[in-house]
Structures are given as structure tokens and as C-alpha cells.
Amino acid sequence: MNFIFETTEKKLFHKNYVTAECFTVDTVKIYNNAPQIKQKGCEVQIYFTNAERYVTFDSKNEAHKFTAKALELLTGKNAFFRGIDKAKKTVEAVDEALGIDTIGIASTVVQTAVNVKSPSGKFQKTKAIIKATANGVIRKTETKQITENSSADDNIKTLKKLKSLLDEGVITQEEFDTKKKELLNL
């Protein structure tokens with residue numbers, strides 16, 4: 001597969017001069033797993049490993065269609081699936097930063113919502129039940145995290161106390177090591 005750029009130079013008293021350039025698809029620059037093809041209005045910029053080319057279309061719509069097809073060719077995925085991948089990466093980054101399981105929470109909410117039976121015409125009541133369920137699941141997750149963090153903090157405080165007892169000679173190294181293993185779940 002190739003990108004072929006044809007340029008026509010118009011001469012005043014001579015025939016038009018046509019040149020063609022060919023770039024293989026594997027020479028398109030990739031940054032963060034994304035091909036470097038950018039649309040700005042009616043213009044599309046394509047960045048190759050050894051050159052940049054700009055293509056101007058008659059309308060934004062034509063430029064958009066070209067960009068979408070080029071990205072699909074290069075990634076093997078259409079815009080819908082590229083969007084899903086981007087959303088997954090965003091959710092994973094948020095989950096990692098905040099230490100939560102967004103997908104798990106959403107799944108629980110959806111499961112609960114599916115089991116809710118709503119009388120016809122009572123959409124607002126169903127919406128309130130789903131919202132309350134979601135808030136409940138989120139609170140449970142937050143409480144679990146706080147408890148885990150609290151118990152970790154408590155274990156650290158206990159270890160510090162045990163260390164001072166060891167340093168003072170009140171307990172033996174063996175007793176300290178045994179208790180340390182228990183607290184750290186080793």
C-alpha cells in the first residue's frame with residue numbers, strides 16, 4: 001500500500017508539469033501507537049519518516065473521510081474501535097491513579113439496574129434507584145479502600161512499636177520477626 005502525491009505545476013506559456021511522489025504506508029510516523037495524520041479544517045497533514053506532506057480538500061467532510069480511511073488502513077481499526085481503545089486506556093489510567101475499579105463498579109450497577117423492575121411510566125423512580133445503587137457501590141469501594149489503608153497504617157504503627165521494644169530488649173529478634181511476618185502477611 002502506498003500514498004501517492006501528484007502535483008501539477010501550471011506554466012504560463014508551456015504545458016503543465018506533473019510530478020508524482022510515492023510513500024509506503026510503513027513510512028508514516030507513529031507516535032504513542034498513533035499514526036501521525038492530522039486534519040485541520042480542509043487540510044490533512046501526513047508525517048512520514050523522511051518528509052511531511054499536506055493535502056488540501058474542497059471541504060472539511062472530504063478531508064475527514066480521507067483521514068478516517070487512512071487511519072483505518074494504518075491501524076486496522078475504524079474510528080469506533082479506536083475510540084473504545086482510547087476510552088479503555090483513559091479508564092485504566094484513572095483506575096491506577098485513584099486505586100479503583102471503574103469497570104467493576106459499572107458492572108455491578110448495571111447488574112443491579114437490570115434486576116430492578118420498574119412500573120411503566122416510572123422512569124424517574126428507576127433512575128433514582130440506579131443512582132442510589134451506584135452511590136452505594138462506590139461508597140462500599142471507598143470504605144474498603146479506607147479500611148485497607150487504615151489497617152496498613154495500623155500495621156506500620158505496630159511494627160514501629162515492636163521495633164522500639166526490640167531495641168529496648170523487651171522482646172527478642174525471633175519474636176519481632178514472627179510478629180512482623182504476621183503483620184505483613186508474609
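Number of residues in region 164-186 that are of a type outside the set (A, V, I, L, M, F, W, C), on the phi < 0 side of the Ramachandran plot and over 43 Å from the mean Cα position of the chain (by Cα) equals 7. In region 1-21, which residue that is hydrophobic (A, V, I, L, M, F, W, C) and exposed (fewer than 10 other Cβ atoms within 10 Å of the Cβ) is farthest from residue 47 (Cα to Cα)? Looking at residues that are hydrophobic (A, V, I, L, M, F, W, C) and exposed (fewer than 10 other Cβ atoms within 10 Å of the Cβ), I get 13. Beta carbons closer than 6 Å, at least 6 apart along the sequence or on distinct chains, pair a first residue in region 83-95 that is not assigned by TED's automatic domain parsing to the domain that holds residue 34 with a second that is modelled with pLDDT under 80 and surrounded by 12 or more Cβ atoms within 10 Å (Cβ to Cβ) for 91/102; 95/102.
Of 38, 15, 11, all but one fail to be part of a loop (DSSP other than H, G, I, E, B) and in contact with a strand residue (DSSP E or B) (Cβ under 9 Å, 6 or more places away or on another chain); the exception is 11.
The values are calculated or read from the model by the stated rules, or taken from the named source; none is laboratory data. Since this is a predicted model, take the numbers as computed values, not measurements. Cβ coordinates were reconstructed from backbone atoms using ideal geometry, including for glycine residues, and neighbour counts include every protein chain displayed.
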